[in-house]
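Every number in this text was worked out from the coordinates using simple rules, so none of it is lab data. These figures come from a predicted structure and were not determined experimentally. With ideal geometry, Cβ positions are generated from the backbone for all residues, glycine too; neighbour counts draw on all protein chains shown.
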């Protein structure tokens, strides 16, 4: 069995890895690919990626002498077994097509960094794969990444690229943050002004909201419904679920700017509102009216049509940072609370959440929201994204609700990676690669039954200070690689993770990221073009960033 010092340069680390005969299987022009029943999609992916990188055709053929893909119902759904033998070739078995796909990702890593390019550069006829037996399965079923495309829009090609990067790290849940105060990013045909007006802002704050710098040009963009259908199909082929998010009742200024009747018109002149050009938390929240409920039911109805249940069993409704001042000042909101028998504004927010929990449940979906949805009483079927530390997740799990652990203090990747002055727009807490690697999603306070409610974990990328895909790359990597191992791999025998071993394996993984064109933060610090000199961040250790 492999010793800790001989661990393979695989990320995330598999459960078991055994070098068998010590030889290699030569993958070459004569090597075939046999995709058994249910694995044809994985076969297409291998030909499109590994085939393109190696220049090998991987034609259909017999099981022996090439790559064979099979489903083994005795394995857990996402588990796989990868066997490489010099004489007979490569065999990948998975408990489902997803398990086979994760095994194919491991095979790609065994081929070397050149297998992560889009065209061959090595100029060789054969690609040696070491003779190994890998048996592997994920620790958590929810291994997620949230991408905020509302603060800074990421064009469709960038989203597809991030789905590929997730798949390369065996991450399987893409939380798609589509709306916020600063922009609305999904086409809703019955409400066209959401994108005509709400998808762009006239200018953008550059840096933290206290920065005096502005980018004085319009910023915007949105995904057409066909764009969304393409993204969904791309994710399905990579066995990634999508959690679309429409944020209510707070973080709604872009929607109110498009449709002023959604806001609290007896408190503010909502017709004068624009899409917000600054960061922070807007005070403009949705009015608690039947008209608003009908409006958002229409939005969610179209959303469910775009994100089918097999890809999107969960729908995220936000529910976070809903400032209550306008409701306190609004005569209409106060009368509404009396009509509904609600004692305070927290219960009014809970009324919003419960309404859409029932509405989604009637259509076969599950609601998930940020941990503020616990305030005023949690809807019965709702799950919680625990972002304000562990407390919300612990309370929800102890009450019998499902939880995704994504605490800001550990896995908000917009936070700076180092305390040095060269970090670009240093926001929030210092969270190093090692900090992320040592994150433990399961709180020790939970009993075994309560811990079963922890669906998994998620890293979040809020893009206020990420003005380009390159900046998203810098904040995400290499920390997302560390997070992927937290989400996939079991803890070591000591109950801790071997960061020194992870660093050794990352030496090879950096070469894979380079081949993929990822603009990651180098171990020695930012390169000159990755810095943002003179752009104000919030370099106060321990201060909540709220950007």
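Rank by packing, highest mean first: peptides 519-525, 248-254, 63-69, with packing defined as the count of other Cβ atoms within 10 Å averaged across residues. All intermediate terms of the calculation are to be shown ahead of the outcome.
Values: 519-525: 14.3, 248-254: 27.0, 63-69: 20.4.
Listed from highest to lowest mean packing, they are 248-254, 63-69, 519-525.
How far is helix 479-488 tilted off the main Cα axis of the chain, in degrees rounded to 10, range 0 to 90?
Result, in degrees: 80.
Specify the inter-centroid distance of region 41-82 and region 321-362, based on alpha-carbon positions, in whole Å.
Region 41-82 and region 321-362 have Cα centres separated by 52 Å.
How large, in Å, is region 4-136 by the Kirkwood hydrodynamic radius built from its alpha-carbon pairs? List each step's numbers first, then the result.
On the way: mean 1/r = 0.0687 Å⁻¹.
It is 14.6 Å.
Sorted from fewest to most neighbouring beta carbons within 10 Å, what does the list 243, 411, 197 look like? Walk me through the intermediate numbers first.
Details: 243 24, 411 29, 197 17.
Listed from fewest to most nearby Cβ atoms, that is 197, 243, 411.
Relative contact order for region 271-375: what is it in percent, counting Cα pairs under 8 Å that are at least 6 residues apart?
On the way: 83 pairs, mean separation 37.0, N = 105.
Here the relative contact order equals 35 percent.
Angle check, please: helix 225-237 long axis (alpha carbons) against the longest principal axis of the chain (alpha carbons), in degrees 0 to 90, nearest 10.
Orientation of helix 225-237: about 40 degrees from the principal axis.
For 44, 108, what's the fewest-to-most ordering of other Cβ within 10 Å of each Cβ? Before the final figure, lay out each step's value.
On the way: 44 14, 108 19.
Starting with the residue having the fewest Cβ neighbours, the order is 44, 108.
With r as the distance between the Cβ atoms of residue 63 and residue 470 and R0 = 51 Å, compute the FRET efficiency 1/(1 + (r/R0)^6) and round to 0.05. Mind showing how you got there, number by number?
Details: r = 43 Å, r/R0 = 0.85.
FRET efficiency, residue 470 to residue 63: 0.75.
Viscosity 1.002 mPa s, temperature 20 °C: give me the Stokes-Einstein translational D for region 236-332 in µm²/s, with Rh taken as the Kirkwood radius over C-alpha pairs.
Numbers: Rh = 14.6 Å.
Rounded, D is 147 µm²/s.
Helix 290-306 against the longest principal axis of the chain: what's the angle in degrees, Cα atoms only, rounded to the nearest 10?
It works out to around 20 degrees.
In nm², what is the average projected area of the convex hull enclosing the Cα atoms of region 178-303? The partial results should precede the final answer.
On the way: hull surface 34.7 nm².
One quarter of the hull surface, i.e. the mean projection, equals 8.7 nm².
Which value in Å does the Kirkwood hydrodynamic radius of region 115-213 take, with 1/r averaged over all unlike C-alpha pairs and then inverted?
Details: mean 1/r = 0.0564 Å⁻¹.
Averaging 1/r across every pair of different Cα atoms and inverting gives 17.7 Å.
Could you list 34, 322 in order of exposure, starting from the residue whose Cβ has the fewest other Cβ atoms within 10 Å? Don't skip to the answer; put the middle values down first.
Details: 34 20, 322 28.
Fewest-to-most Cβ neighbours within 10 Å comes out as 34, 322.
Round to a whole angstrom and tell me the spacing of the C-alpha centers of region 250-320 and region 121-162.
Region 250-320 and region 121-162 have Cα centres spaced 33 Å from each other.
Considering only DSSP beta bridges with both partners in the chain, what is the antiparallel share in %, to the nearest 5? Spell out each step's value before the answer.
Values: 24 of 68 bridges.
Bridges in the chain are about 35 percent antiparallel.
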